Amino acid sequence: GALRERTMTFANRPTLAAVAGFRGWRALRHRNYRLFFIGQLVSLIGTWMQSVAQGWLVLQLTGDPIYLGLVAAAQFGPVLVLGLFGGVVADGLPKRRTLVVTQAIAMALALALFVLTATGRVTVEQVLGLAFLLGCVNAIEMPTRHAFGVELVGREDIGNAVALNSAVFNSARVLGPAVAGLTIGATGLASAFLLNGISFLAVIVAYLRMDEGSLGAPPQFARPTTVREVMTHLRVGLAYVRRTPDVLVPIVVVGLVATVGMNFNVLIPPLAKDLLNVGAPGYGFLMAATGLGSLAASLTIAFGRRNRVALIGFGAALTGLAELVLAVSGSFSLSLVAMFGAGLGAISMAATANTTIQLTVPDELRGRVMSVYTTVFAGSTPLGGLVAGTLASRLGVAEAIGIGGGLSLIVGLGVIAWYRRAPGMAGEAGPGAAPRSSAQG
């Protein structure tokens, strides 16, 4: 029964990991995580289809890449403003039920965009409005989903679960854009929005079928009932981040690189349309190449025995170098290779940063600390998207990509040098490693 499954050790359990001979699948020994894994894969394919279709729709409606930056700001601005409060929600409400509600709302927004596009009534203002509402939903969903992982698999498997989550996300980045490009070319933009709306059913059903009794017990958290209590809880989480180098440094690096060098949704549509002349299918394959590189990074981390924090700096540097190549490339083939490298570097950085934070943070602060991470990571998109869109509109797409790549390379080289100078910070971290924190004691 469920009790026996929870008490069996990994060594004698006949799991997928044991059958396949790979310890990199060990988080899948948990039934609830298997449901999560499958549901997320289906839903995220739809999400990436909508991302590609939405970018192409905005470019068709306006012809100006600055509007792509405005849509990015509308979609991720709420995460920047509300993300920290989303962490308080994540710590204070039942996570599984919160995630069901947020996914249902996101499904309704996707279907609304489908109806508007299919009837020919869609305007860029409507796209901006729907993107803003989705951002409000994501401000709660993102920190809740990140904090939910430890309840699915426990602390001993959270590092592997984070890497597998990244593998799922980036498998969808391969499949979603490629399918979207072909779907747009064959049946039009509206179909991509419809398929995304339907895909949410997979993750909603997965959450509903989970065995709540098998979930790890969340830490006791006194739910704030006043504005003053909310602000107090926020300050506790922020103070922990500020005093803990293993958390602060990854968040700062990811925030900087995400702001200047990960604006693919803004810069790649005009690159595909105006410079490479490959149309919507070519745009889809460029984004899929990024996903393929990201998937390679995710699987490498998942099957690694330890979490190597040095990958944060090396990943940032590789992202910048790949974007510099992309900026000077006039070849579709070379651009695909550069996009693969950018995806490889970006997820090596982001997944390692996420895992490092997850292995360091105490359970009772997990939602609030992860809300800082998701706020910085996703919240960097409004600023970065607006700046990238403005640079592309004023200077040119290639120049905007080159500037972002150069700055990312500088950040990566800087953090590599910092980790080498900081005693004990450039090695490995894992479930058995003691967290290094100035806040301990």
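The values are calculated or read from the model by the stated rules, or taken from the named source; none is laboratory data. Quick caveat, the model's predicted, so the values are computed rather than measured. Here the Cβ is made from the backbone with ideal geometry for all residues, glycine too, and neighbour counts use every protein chain on show. Heavy atoms of the whole protein, side chains included, go into the accessibility calculation; ligands, DNA and RNA do not. Shrake-Rupley method; radii C 1.70, N 1.55, O 1.52, S 1.80 Å.
Let's see how each residue does on (1) in a helix (DSSP H, G or I); (2) modelled with pLDDT of 90 or more; (3) surrounded by 17 or more Cβ atoms within 10 Å (Cβ to Cβ):
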| site | (1), (2), (3) |
| --- | --- |
| ALA163 | yes, no, yes |
| ILE198 | yes, yes, no |
| MET231 | yes, no, no |
| ALA239 | yes, no, no |
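The criterion of at least 1 residues that are in contact (Cβ under 8 Å) with a residue 24 or more places away in the chain, closer than 30 Å to VAL369 by Cβ and touching a Lys or Arg at 6+ places or on another chain (Cβ under 8 Å) is met by the following helices (runs of 4 or more DSSP H) wholly inside segment 245-316: 245-261, 279-303. Condition check: open to solvent by less than 30 Å² (accessible area, probe 1.4 Å) and among the small types (Gly, Ala, Ser). Does GLY149 satisfy that? So GLY149 fits the description; yes.
I need a count of the residues in segment 83-108 that are within 19 Å of the chain's Cα centre (by Cα) and small (Gly, Ala, Ser). Total meeting the criteria: 5. Does segment 120-130 include one or more residues that are under 28 Å from SER214 (Cα atoms), free of Cβ contacts under 8 Å to residues at least 40 places away in the same chain, assigned to a helix (DSSP H, G or I) and open to solvent by 10 Å² or more (accessible area, probe 1.4 Å)? So far as segment 120-130 goes, no, none of its residues is under 28 Å from SER214 (Cα atoms), free of Cβ contacts under 8 Å to residues at least 40 places away in the same chain, assigned to a helix (DSSP H, G or I) and open to solvent by 10 Å² or more (accessible area, probe 1.4 Å). Answer yes if at least one residue in segment 205-225 is open to solvent by less than 10 Å² (accessible area, probe 1.4 Å), modelled with pLDDT of 90 or more, closer than 30 Å to ARG96 by Cα and part of a helix (DSSP H, G or I), and no otherwise. Yes, there is a match, as at least one residue in segment 205-225 is open to solvent by less than 10 Å² (accessible area, probe 1.4 Å), modelled with pLDDT of 90 or more, closer than 30 Å to ARG96 by Cα and part of a helix (DSSP H, G or I).
Return the total of residues in segment 54-64 being open to solvent by 20 Å² or more (accessible area, probe 1.4 Å) and in a helix (DSSP H, G or I). Going through segment 54-64 one residue at a time, the tally reaches 5. Among the candidates ILE403, ILE410, the residue that is more than 26 Å from ALA272 (Cβ to Cβ), surrounded by fewer than 23 Cβ atoms within 10 Å (Cβ to Cβ) and at pLDDT 90 or above is uniquely ILE410. Assessment of segment 323-334 against the conditions (under 23 Å from GLY414 (Cα atoms) and within 20 Å of the chain's Cα centre (by Cα)) yields at least one matching residue.
Hey, any hits in segment 101-115 for a residue that's farther than 24 Å from ILE184 by Cα and hydroxyl-bearing (Ser, Thr, Tyr)? The answer is yes, given that some residue of segment 101-115 is farther than 24 Å from ILE184 by Cα and hydroxyl-bearing (Ser, Thr, Tyr).
Residues in segment 357-368 that are more than 13 Å from VAL252 (Cα to Cα), open to solvent by less than 10 Å² (accessible area, probe 1.4 Å) and not small (Gly, Ala, Ser) were compared, and the one that is modelled with the highest pLDDT is VAL361. If I filter segment 269-307 down to residues being under 13 Å from ALA350 (Cα atoms) and open to solvent by 20 Å² or more (accessible area, probe 1.4 Å), which single residue comes out as modelled with the highest pLDDT? Ranking the candidates gives LEU295 first.
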